[in-house]
1. Tell me, which residue of region 298-323 that is at pLDDT below 50 and in contact with a strand residue (DSSP E or B) (Cβ under 9 Å, 6 or more places away or on another chain) is surrounded by the most Cβ atoms within 10 Å (Cβ to Cβ)?
2. Restricting the search to region 218-243, which residues are farther than 21 Å from residue 130 by Cβ and crowded, with 21+ Cβ neighbours inside 10 Å?
3. Name the residue, out of 251, 295, that is in a helix (DSSP H, G or I) and either touching a strand residue (DSSP E or B) at 6+ places or on another chain (Cβ under 7 Å) or in contact (Cβ under 8 Å) with a residue 24 or more places away in the chain (or both).
4. What's the number of the only condition in (1) modelled with pLDDT of 90 or more; (2) loosely packed, with under 13 Cβ neighbours inside 10 Å that residue 15 fails to meet?
5. Please verify whether residue 65 is under 23 Å from the mean Cα position of the chain (by Cα), modelled with pLDDT under 85, under 25 Å from residue 316 (Cβ atoms) and buried (at least 17 other Cβ atoms within 10 Å of the Cβ), treating the condition exactly as stated.
6. When you check residue 87 against the structure, is it buried (at least 16 other Cβ atoms within 10 Å of the Cβ), in contact with a strand residue (DSSP E or B) (Cβ under 7 Å, 6 or more places away or on another chain) and modelled with pLDDT of 75 or more, yes or no?
7. When you check residue 198 against the structure, is it in a loop (DSSP other than H, G, I, E, B), touching a residue at least 40 places away in the same chain (Cβ under 8 Å), within 21 Å of residue 69 (Cα to Cα) and in contact with a helix residue (DSSP H, G or I) (Cβ under 7 Å, 6 or more places away or on another chain), yes or no?
8. Go through region 128-187 and report how many residues are touching a helix residue (DSSP H, G or I) at 6+ places or on another chain (Cβ under 6 Å), free of Cβ contacts under 8 Å to residues at least 24 places away in the same chain and either surrounded by fewer than 22 Cβ atoms within 10 Å (Cβ to Cβ) or within 30 Å of residue 9 (Cα to Cα) (or both).
């Protein structure tokens, strides 16, 4: 595989599993409650948005990549949720459970989409609206007379909130397990990019950090936001709360532009990951991954490797027909250690 194609491979940690994607396919592997590894591989469908060539131009493809990641992540989450709840995959499953009716797909879809929407709204409120409201009220009390001072305070609050949030949720046991799968996903990708055999031992020896990680992307977004928003003029002539809210509305459209710049920088980091200057520039992003990844065990590493091997096999088949959902569910009866 040409090294340039590695940039088109990535993944995402999900509930008791990992999603891996290649240029044309994505594969999800999950550890079911009964210890089996259940996996599914599908072709990546080209949506109407994905078919718009102008959205694939530099500085625009970052937003497209985010939408694409959200769409695939949504599918992976629904699959993972179904595996954890279906009766036939429970530890005490009986033959009758294999014929049992699966949980309503509509209910599962609604639950996942609701969680995504709520998460997006809460994220914008916590990391954009609230910092702007705080700085609009605190800035004048601190004697700030220049817009850049209040703007810089806003961005400092954003960074503090973000790192604090990541640290706090990382203390939740269930999130810790997802962070372990996140580490396994990185190790699997690193093993592939090192052109080593995709074995559990080789995978475990790899670092759990990766320059193209979504956490690194978030840190790059924060840094680019500081550079851009600090010098963006603020509205004047309104009460502090209104100023904060108006400033929030001003920043929302610019987030797409900032995401585009950050995405291009992330691609550079992945392509020249071994260059000394690149390592130095993207060091904060790599270090932040110690918050969002944990060292995986062999069981979790195995799941990540199954997902990666399946998506690689799909690419090697050259776009042949991928089995539909039900036929694509296969199991490897390996108990959790």
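1. If we take residues in region 298-323 being at pLDDT below 50 and in contact with a strand residue (DSSP E or B) (Cβ under 9 Å, 6 or more places away or on another chain), then 322 is surrounded by the most Cβ atoms within 10 Å (Cβ to Cβ).
2. The answer is 220, and nothing else.
3. Selected residue: 251, the only one of 251, 295 that is in a helix (DSSP H, G or I) and either touching a strand residue (DSSP E or B) at 6+ places or on another chain (Cβ under 7 Å) or in contact (Cβ under 8 Å) with a residue 24 or more places away in the chain (or both).
4. The failed condition is (2).
5. yes
6. Answer is no for this residue.
7. no
8. 4
The values are calculated or read from the model by the stated rules, or taken from the named source; none is laboratory data. The structure presented is a predicted model; accordingly, all values stated were derived computationally and were not measured. FYI the Cβ positions are ideal-geometry reconstructions off the backbone, even for glycines, and counts take in every protein chain you see.
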